[in-house]
Structures are given as C-alpha cells and as structure tokens.
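Visitor: Got a structure for you, written out below as structure tokens; questions coming shortly.
The values are calculated or read from the model by the stated rules, or taken from the named source; none is laboratory data. In this text the structure is predicted, and so the values were computed from the model without any measurement. Note that we place each Cβ from the backbone using ideal geometry, even for glycine, and neighbour counts take in every protein chain shown.
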Amino acid sequence: MSTATASHLLADLLATPRPAEWAELRQAAEARLATRDLPTTRDEDWKYTDLKALDGLAFTPAPSVPVDISGLLLPEMVGTRQVFVNGHHAPHASCVSAVPAGVRFLPLSTASEACHALGTVGPNANQSVFEDLNTARFSDGAVILVPKNLKVALPLHLLFITKAEAPVASFPRLLVVLERGAELELVEEHHGEGTYLTCPVVEVRVAEGAILRHERVQRDGDEAFHLGTLKAEVAKGGQYHSRTLSFGARLSRQQPWVRLAEGAECSLDGLALLTGHQVADTHSFLLHAEPNASSHQLHKCIVDGKARAVFNGQIIVAPHAQGTDAKQQSRNLLLSETAQVDTKPQLEIYADDVKCSHGATVGALDPEELFYLQSRGLNADDARNLLTYGFAADVLTHVPVASLRRALRQLVMARTQADSLGDLS
Amino acid sequence: MTTGVPMLSIKNLTASIHGTPVLKGIDLEIKAGEIHAIMGPNGSGKSTLGKVLAGHPSYEVTGGEVLFEGQNLFELEADARARAGLFMGFQHPIEVPGVSNASFLRLAYNKKAEAEGRDELDPLEFDDFIHEKIKLVSMREEFLDRSLNEGFSGGEKKRNEILQMAVLEPKLAILDELDSGLDIDALRVLGDAVNKLQRADRALLIITHFPRILETIQPQFVHVLSGGRILKSSGKELAVELEERGYDWVLEEAAAGGAR
C-alpha cells in the first residue's frame with residue numbers, strides 16, 4: 001500500500017540535483033536513505049502516526065519566492081531577524097542590524113566556518129529518514145555562533161516560511177553553537193501556506209555553563225506535513241530550555257533528542273492545540289549521560305474534533321548518572337468524544353541514586369473546576385473556555401519575549417474560544 | 001431580630017449524593033443583615049448544605065424548597081445564582097493554572113456588572129479598584145499576577161476567597177470552613193474583613209466545625225446540624241457552649257427529645 005508510494009516520494013526527491021556544498025555529509029545521508037523507506041504504522045515508533053496521507057502527493061523542491069512578513073515581525077527583534085523562505089535565505093526580508101557584535105547569525109551558505117560543526121550533534125546513527133532527507137537536500141539554513149561568555153542582550157528571531165503553490169518539499173536547517181558561558185534567547189518560528197512537506201533539522205550545542213532558551217513555534221498551514229528533528233548536546237553545567245508550541249499542520253511530528261552532561265539542566269516543554277483531523281506527534285529522547293543533571297518536561301495537548309495527539313517521552317538515565325533529577329508530565333485535555341490521545345512515558349533508569357518521576361493524564365475538564373468558575377458567575381461555556389485557555393496558557397507563562405507571549409496568548413484565546421472573555425493576559 | 005421577608009428561605013430541604021441522602025429536611029430562614037452560623041460534627045451535612053445552595057452539580061435535590069429573595073433557587077444554574085447575589089467561599093478553592101488572578105477577578109466582576117446593567121471595568125480601571133480591595137484582606141500585590149490559586153498556601157487561598165467576596169459584593173455569602181488552614185493572625189484579618197463587608201442589606205452564613213471563628217465574626221443565630229438535620233437553633237451563646245462542651249450533648253438531647 002503506502003510503501004510503494006513512499007519509496008516514490010523518497011526517490012523523486014533524491015532524483016533532484018545534489019547541492020555542491022557539504023558533499024560528504026549529503027553522500028552519507030543518501031547512502032543510508034538508499035536502503036530505507038518511509039516509516040509505516042507497522043514501525044513501533046510510528047504506530048499511531050500514519051503517513052499514508054502523503055500518498056499521491058508529488059513534492060518537488062521548493063523554489064525561492066518573495067514573501068510578505070509584515071504580520072510576523074516582533075518589536076523586540078526587528079533588527080535581529082533572519083528569514084528563510086522555502087529553505088532559501090531571504091536577504092530582503094531579513095535584518096540583522098541590531099545583532100550584537102561578536103554574535104554570528106548568518107545563512108549557512110555564507111558561513112564556511114560552520115562546515116565542520118554541521119551534522120556533528122547527536123549520535124552518528126539512528127538518523128530518521130526525514131533528517132537524512134534534509135541533510136541530503138537542504139539548500140540553506142541558519143547558523144548561530146555565540147562566543148565565550150557573551151550574554152546576548154537581544155533575542156534572535158528566525159522565521160522559516162514555506163509558500164507552496166503546488167506541493168513542495170522544504171528542508172530548513174539550523175545550527176546553534178554556544179561557547180562556554182554564553183547566553184542566548186532564540187525564537188524559531190515555522191509558518192506556511194499551501195500543501196507542503198517540511199523537514200526541519202535543528203542542531204544545538206551548548207558548551208560548559210552556557211544557557212540557551214529556545215522558543216519554537218509551529219504555525220504551518222492546514223495542509224502541511226511537518227516532520228522535524230532537534231538534536232541538542234548540553235555540556236557540563238550548561239542549560240538548554242526549549243518550548244515547542246504546535247498549532248498548525250495537518251500532520252506534525254517533533255523528535256527532540258537531548259544529551260545532558262554532568263550537572264546540566266534542561267527543560268523540554270511542549271504544547272499542541274489540535275482540531276479537525278490534525279495529528280501532532282512528539283517523540284522525545286532525553287539522555288542523562290552523566291551525574292547530577294536535571295530535566296523537566298511538561299507536555300500538554302488540547303485535542304478537539306477528530307484530532308489525535310501522540311506523546312512518547314523516553315528518558316534514559318545512564319548507569320553512572322547518579323544524582324539525576326528527571327521529571328516528566330504529559331497532560332492531555334480531550335474536548336470531543338472523537339478526539340484521541342496516545343501517551344507513553346518511557347523511563348529507563350540504570351543508576352540507583354536518582355529522583356525520577358513521570359505522570360500522564362488524559363481527560364475532560366474537571367467538573368469541580370467548572371463549578372468553581374460558575375460559582376463566580378461565569379456561565380458554563382465561559383467557564384469551559386477559560387479553563388481550556390488556562391490549560392494551554394500555563395505553558396506560555398514563562399515565554400521571555402513579551403510581544404511573542406502576547407501574540408501566543410491571543411492565538412490560544414482564539415483557538416480555545418476564550419477571546420470573548422476579554423483580555424486575560 | 002430583623003423583620004421583613006427573609007432573603008433566604010429553606011423549607012424541608014432534602015438532598016442526596018450518588019443516591020445517598022445527606023440532607024434530611026432542613027428548615028432555615030435568613031434575613032438581610034443577619035449572620036447565621038451552621039455548626040456540626042464532621043460528616044453532618046453542613047458543607048453539603050453550602051454546596052447545594054451554591055448549585056454543585058454532584059448533589060441532587062430530592063425535596064423541599066429554597067427561595068432566594070422570593071425566587072426559586074433551583075430554577076437557576078450555579079452561575080445565575082452567583083449573578084443573582086449568592087456567593088460561596090470554598091473550603092478547598094480550586095487552582096486554575098494559566099489564568100492570572102487579576103484577570104479572573106476582573107472577568108468575574110464584569111460578568112456580574114453586565115448582569116446588573118452596570119459599567120464594566122477595563123484593565124486599568126480594574127487595577128485601581130482591586131488595589132483598594134486587596135488592602136482589606138492584606139494580600140500582597142504579587143498574588144494578583146500569579147495564576148488563580150496556583151501554588152497558594154491554604155491561607156492565601158482563603159484570603160483570595162474573601163477578596164473575591166469583596167469584589168463581587170454578594171447579597172448572601174456562604175463561607176464554608178473559612179477557618180480551616182488559617183493561623184490565628186490570618187483568621188483575625190479575614191474575620192475583620194468579613195465584618196467590614198457585612199451590611200444591613202447583606203447576610204452571612206458561616207459554616208464551621210470550630211467555634212473559634214465566631215469570636216471574630218459574631219453570629220446572631222447558631223444552628224447545630226447533624227445527620228442532615230438541624231438539631232438545635234439558638235443565639236450566639238450556643239457557640240460558647242459548644243466550645244466548652246462539644247457536640248455530643250446536643251445529639252443526646254435531640255435523641256432524648258425525639259426532636260429534629
């Protein structure tokens with residue numbers, strides 16, 4: 001069934017010319033892809049996320065097209081913005097005039113010094129088909145290099161936009177390297193319209209004592225397929241905090257992979273707001289490789305209509321990773337009878353002196369909470385909408401860029417029908 | 001003490017939860033300006049009475065009648081009762097993450113204002129309004145920006161309940177176990193706040209296990225509830241007697257007299 005078409009999809013995309021740069025990386029990816037196929041629901045990792053909707057769609061490489069980003073600008077980041085459209089750098093939409101001295105924030109195509117670092121984060125095995133597809137055919141991407149001890153005062157803004165008139169495939173790429181003691185806030189957004197496949201690959205390297213706060217917003221178009229990979233290595237005492245907010249795409253999958261060295265700290269939060277026939281899947285992998293690292297994962301989904309949310313949270317505590325503190329929570333709110341959630345914590349603990357906890361809840365709104373709000377004069381609909389909004393907005397409380405936080409709250413209000421309740425910020 | 005039509009009139013009220021009768025025939029009248037206390041041992045049904053009046057969906061009213069300002073209370077949903085001027089301070093207030101206390105308070109205020117045909121307050125106007133109100137309960141400003149009750153201590157939650165009461169200015173406030181989770185100082189602050197909010201056109205129903213709170217909020221009427229019935233009604237001196245002697249003697253007296 002889908003297998004034949006799937007191979008067709010891979011073959012079609014790989015039949016396009018291979019870009020000249022990073023030849024070695026690309027050849028290795030292509031060699032792996034030669035023996036592989038798109039996953040099907042027979043693969044344990046893809047049991048609940050069916051890619052057969054890709055059937056019958058012929059994706060061609062996305063061309064560079066002009067784009068209007070006026071609605072996407074955020075005041076705190078007007079001069080610290082790089083824009084990529086269909087995987088190509090868009091110099092006219094970008095503006096880096098306010099990027100502090102010393103910070104390198106460039107398109108990959110002009111950052112030859114990044115060559116050696118690209119493709120090195122994470123294990124040199126188990127690449128997903130979509131990661132390899134990106135490596136084989138990405139045309140450009142962004143590089144961020146923050147030198148030793150530089151605490152970047154302004155957040156950086158990355159916009160990956162896909163515009164598809166016919167079905168296209170785009171391969172956004174991002175490499176973030178924070179040297180020792182550096183600090184950065186980064187906002188990475190994905191927007192788009194039309195029918196497309198986007199397979200972003202993000203590599204993050206946080207050196208000793210460095211801190212990266214990474215906000216990720218997925219607002220792809222209703223007909224988009226978003227199959228993303230994130231790999232982060234956090235060195236001793238470093239911190240990596242990411243929050244992935246999924247609103248768009250008919251089908252999306254996030255695969256964060258994080259390795260924590262000694263004393264590193266990590267938060268890996270997620271929110272998915274789904275309706276209609278949307279599917280959002282998060283398969284996370286968190287490796288406590290060394291002692292005394294802490295991780296905190298809060299993943300929330302609000303699922304309405306016939307939508308489906310999937311969460312698989314794998315945490316590995318290595319044998320000598322004593323003193324590990326790992327906390328995982330998967331909380332899911334079902335708003336309709338036909339909505340579906342599959343959630344699975346997967347903790348593998350090989351050390352004995354650790355503090356690990358996990359919890360998963362799937363359910364409707366709590367009648368006691370509804371009663372409380374109604375007893376204060378809110379009618380049943382308003383009470384429901386306010387609780388639904390709060391369930392989602394809880395994840396947004398600590399978004400550091402004020403204008404982004406406001407915009408996200410408004411988006412959540414609109415999606416939870418809470419906008420009639422006035423300003424809730 | 002006060003004359004006129006009662007604000008709340010409860011007649012032979014019976015109610016059950018999941019098929020188990022909890023209230024077995026309650027009669028009670030509360031007039032504007034009055035403070036009543038419902039006391040009783042644990043499991044007596046006193047919290048149930050509060051929840052039934054407030055409209056908790058888990059309880060089924062199986063008989064009797066409750067009129068609130070002449071209107072059949074059971075024709076109103078919980079939210080309509082609130083907008084009509086009934087307020088219940090919860091024994092265990094609910095935490096709502098993601099919604100700031102201030103915006104929740106403003107929303108509740110504006111819903112009531114809308115129902116009463118008064119002007120709604122915008123965030124700036126409400127800011128001035130609420131800063132006056134928090135002084136009444138000695139709440140720190142930071143609690144306005146935090147999510148509603150989230151991570152609040154037991155005492156902070158109770159402070160927030162009385163703040164909500166101050167914001168909504170109900171005609172009848174039912175305070176369920178206000179004293180639980182409060183230290184003596186907080187109890188005095190909240191008791192004083194409740195006293196300041198009490199007026200000739202308002203009434204209070206204090207539900208409590210311990211008489212301690214009644215030293216600050218002094219009721220004119222004290223009722224002992226047990227086994228789903230009011231066994232004894234008297235003046236505030238009854239609270240003192242309960243403090244000294246406990247509840248058993250009331251139960252024994254009722255059993256001996258065969259009275260309800």
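Visitor: Of everything in the stretch A:366-379, what is at pLDDT 95 or above and more than 7 Å from every other protein chain (Cβ to nearest Cβ)? Give them in sequence order.
Guide: Hits for the stretch A:366-379 are A:L370, A:L373.
Visitor: Further question on the same structure: Spot the failing condition for A:L38; the list is (1) among the aliphatic types (A, V, I, L, M); (2) out of contact with any strand residue (DSSP E or B) (no Cβ under 9 Å at 6 or more places or on another chain); (3) part of a helix (DSSP H, G or I); (4) under 14 Å from A:F225 (Cα atoms), and only one is missed.
Guide: Every listed condition holds for A:L38 apart from (3).
Visitor: Additional query: Take A:E113 and decide whether it is assigned by TED's automatic domain parsing to the domain that holds A:V234 and within 22 Å of A:L197 (Cα to Cα).
Guide: Working: assigned by TED's automatic domain parsing to the domain that holds A:V234: yes; within 22 Å of A:L197 (Cα to Cα): no.
Taking the combined requirement at face value, the residue does not satisfy it.
Visitor: For A:G363, which of the numbered conditions (1) farther than 15 Å from B:S103 by Cα; (2) in contact (Cβ under 8 Å) with a residue 24 or more places away in the chain; (3) surrounded by 14 or more Cβ atoms within 10 Å (Cβ to Cβ); (4) touching a Leu at 6+ places or on another chain (Cβ under 9 Å) fails to hold?
Guide: Result: A:G363 passes all but (3).
Visitor: Another question about this same structure. How about the stretch A:341-353: which of its residues are surrounded by fewer than 18 Cβ atoms within 10 Å (Cβ to Cβ) and not hydroxyl-bearing (S, T, Y)? It would help to see each step written out before you state the result.
Guide: Filtering the stretch A:341-353 for residues surrounded by fewer than 18 Cβ atoms within 10 Å (Cβ to Cβ) gives A:342, A:344, A:346-353.
Within the stretch A:341-353, A:D342, A:K344, A:Q346, A:L347, A:E348, A:I349, A:A351, A:D352, A:D353 meet the criteria.
Visitor: Just name the residue that is modelled with the lowest pLDDT out of those in the stretch A:1-28 that are touching a Lys or Arg at 6+ places or on another chain (Cβ under 9 Å) and not in a loop (DSSP other than H, G, I, E, B).
Guide: Within the stretch A:1-28, the match that is modelled with the lowest pLDDT is A:S2.
Visitor: Let me ask you something else. Do you know which of the residues in the stretch B:29-43 that are surrounded by 24 or more Cβ atoms within 10 Å (Cβ to Cβ) and in contact with a Phe, Trp or Tyr (Cβ under 9 Å, 6 or more places away or on another chain) is nearest to B:L8 (Cα to Cα)?
Guide: Of the residues in the stretch B:29-43, the ones surrounded by 24 or more Cβ atoms within 10 Å (Cβ to Cβ) are B:37-40.
Okay, now just the ones that are also in contact with a Phe, Trp or Tyr (Cβ under 9 Å, 6 or more places away or on another chain), so B:37, B:39-40.
Working: B:A37: 14, B:M39: 18, B:G40: 20 Å.
My answer is B:A37.
Conditions (1) in the same structural domain as A:T244 (by TED's automatic domain parsing); (2) touching a residue at least 24 places away in the same chain (Cβ under 8 Å); (3) in a loop (DSSP other than H, G, I, E, B), marked per residue:
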position	(1), (2), (3)
A:V341	no, yes, no
A:Q346	no, yes, no
A:A351	no, yes, yes
A:E369	no, no, no
A:Y372	no, no, no
A:G377	no, no, yes
A:G390	no, no, no
A:V399	no, yes, yes
A:S403	no, yes, no
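Visitor: Same structure, new question: Of the residues that make up the stretch A:397-415, is at least one over 23 Å from the mean Cα position of the chain (by Cα) and modelled with pLDDT under 95? Talk me through it step by step, then tell me what you get.
Guide: In the first step, residues of the stretch A:397-415 are kept if they are over 23 Å from the mean Cα position of the chain (by Cα); the result is none.
No, there is no match, as no residue in the stretch A:397-415 is over 23 Å from the mean Cα position of the chain (by Cα) and modelled with pLDDT under 95.
Visitor: Further, regarding this structure: One residue is enough: does the stretch B:91-105 have a residue meeting the conditions within 12 Å of another protein chain (Cβ to nearest Cβ), of a type in the set (V, I, T) and more than 21 Å from the chain's Cα centre (by Cα)?
Guide: First, pick out the residues of the stretch B:91-105 that are within 12 Å of another protein chain (Cβ to nearest Cβ): B:91-105.
Filter again for of a type in the set (V, I, T), leaving B:94, B:96, B:99.
Then keep just the ones that are more than 21 Å from the chain's Cα centre (by Cα); that gives B:99.
Within the stretch B:91-105 (the criterion being within 12 Å of another protein chain (Cβ to nearest Cβ), of a type in the set (V, I, T) and more than 21 Å from the chain's Cα centre (by Cα)), the answer is yes, since at least one residue qualifies.
Visitor: Same structure, new question: For A:D352, are the conditions met, namely being within 14 Å of chain B (Cβ to nearest Cβ), charged (D, E, K, R) and more than 27 Å from A:Q218 (Cα to Cα)?
Guide: Numbers: within 14 Å of chain B (Cβ to nearest Cβ): no; charged (D, E, K, R): yes; more than 27 Å from A:Q218 (Cα to Cα): yes.
No; evaluated as a whole, the condition is false for this residue.
Visitor: Checking A:S330 against (1) under 21 Å from the mean Cα position of the chain (by Cα); (2) hydroxyl-bearing (S, T, Y); (3) surrounded by fewer than 19 Cβ atoms within 10 Å (Cβ to Cβ), which test does it fail?
Guide: For A:S330, the exception is condition (3).
Visitor: Looking at this structure, is B:G40 in contact with a helix residue (DSSP H, G or I) (Cβ under 9 Å, 6 or more places away or on another chain) and at pLDDT below 95? Even if it seems obvious, please write down each step before you answer.
Guide: Numbers: in contact with a helix residue (DSSP H, G or I) (Cβ under 9 Å, 6 or more places away or on another chain): yes; at pLDDT below 95: yes.
Answer is yes for this residue.
Visitor: Next question. Within the bounds of the stretch B:78-87, is there any residue that is more than 10 Å from chain A (Cβ to nearest Cβ), in contact (Cβ under 8 Å) with a residue 12 or more places away in the chain and under 27 Å from A:D394 (Cα atoms)?
Guide: no
Visitor: Filter the stretch A:160-175 down to the residues that are crowded, with 24+ Cβ neighbours inside 10 Å and either part of a loop (DSSP other than H, G, I, E, B) or touching a His at 6+ places or on another chain (Cβ under 8 Å) (or both) and list them by number.
Guide: Those that are crowded, with 24+ Cβ neighbours inside 10 Å and either part of a loop (DSSP other than H, G, I, E, B) or touching a His at 6+ places or on another chain (Cβ under 8 Å) (or both): A:F160, A:I161, A:T162, A:A164, A:F171, A:P172.
Visitor: Kindly state which strands (runs of 3 or more DSSP E) lie completely within the stretch A:176-221 and contain at least 2 residues that are under 17 Å from A:H88 (Cβ atoms) and of a type outside the set (D, E). Can you show your working first?
Guide: Details: elements: A:183-193, A:196-198, A:201-206, A:211-219.
Of the strands (runs of 3 or more DSSP E) lying wholly inside the stretch A:176-221, those with at least 2 residues that are under 17 Å from A:H88 (Cβ atoms) and of a type outside the set (D, E) span A:183-193, A:196-198.
Visitor: To continue, here is another question. Output yes when any residue across the stretch A:397-407 is of a type outside the set (F, W, Y), on the phi < 0 side of the Ramachandran plot, within 11 Å of another protein chain (Cβ to nearest Cβ) and surrounded by fewer than 23 Cβ atoms within 10 Å (Cβ to Cβ), and no when none is. Steps first, please.
Guide: Pass one, the stretch A:397-407, residues of a type outside the set (F, W, Y): A:397-407.
Within this subset, residues satisfying the condition of being on the phi < 0 side of the Ramachandran plot are A:397-407.
In the following step, the residues that additionally are within 11 Å of another protein chain (Cβ to nearest Cβ) were identified as A:397.
With surrounded by fewer than 23 Cβ atoms within 10 Å (Cβ to Cβ) added as a condition, the list becomes A:397.
Yes, the stretch A:397-407 contains at least one residue that is of a type outside the set (F, W, Y), on the phi < 0 side of the Ramachandran plot, within 11 Å of another protein chain (Cβ to nearest Cβ) and surrounded by fewer than 23 Cβ atoms within 10 Å (Cβ to Cβ).
Visitor: Output yes when any residue across the stretch B:124-147 is within 19 Å of the chain's Cα centre (by Cα) and within 23 Å of A:H398 (Cα to Cα), and no when none is.
Guide: Checking the stretch B:124-147: not a single residue is within 19 Å of the chain's Cα centre (by Cα) and within 23 Å of A:H398 (Cα to Cα).
Visitor: Kindly indicate the residue of the stretch B:168-181 that is more than 14 Å from chain A (Cβ to nearest Cβ) and buried (at least 22 other Cβ atoms within 10 Å of the Cβ) and also modelled with the highest pLDDT among those meeting that condition. Give the steps one after another, and end with the answer.
Guide: As a first pass, look at the stretch B:168-181 and keep what is more than 14 Å from chain A (Cβ to nearest Cβ): B:177-181.
When the remaining residues are screened for being buried (at least 22 other Cβ atoms within 10 Å of the Cβ), the result is B:178-179.
Values: B:L178: 94, B:D179: 91.
Filtering first and then ranking leaves B:L178.
Visitor: Looking at (1) more than 28 Å from A:A261 (Cβ to Cβ); (2) in contact with a strand residue (DSSP E or B) (Cβ under 8 Å, 6 or more places away or on another chain), find the lone condition where A:D222 falls short.
Guide: (2)
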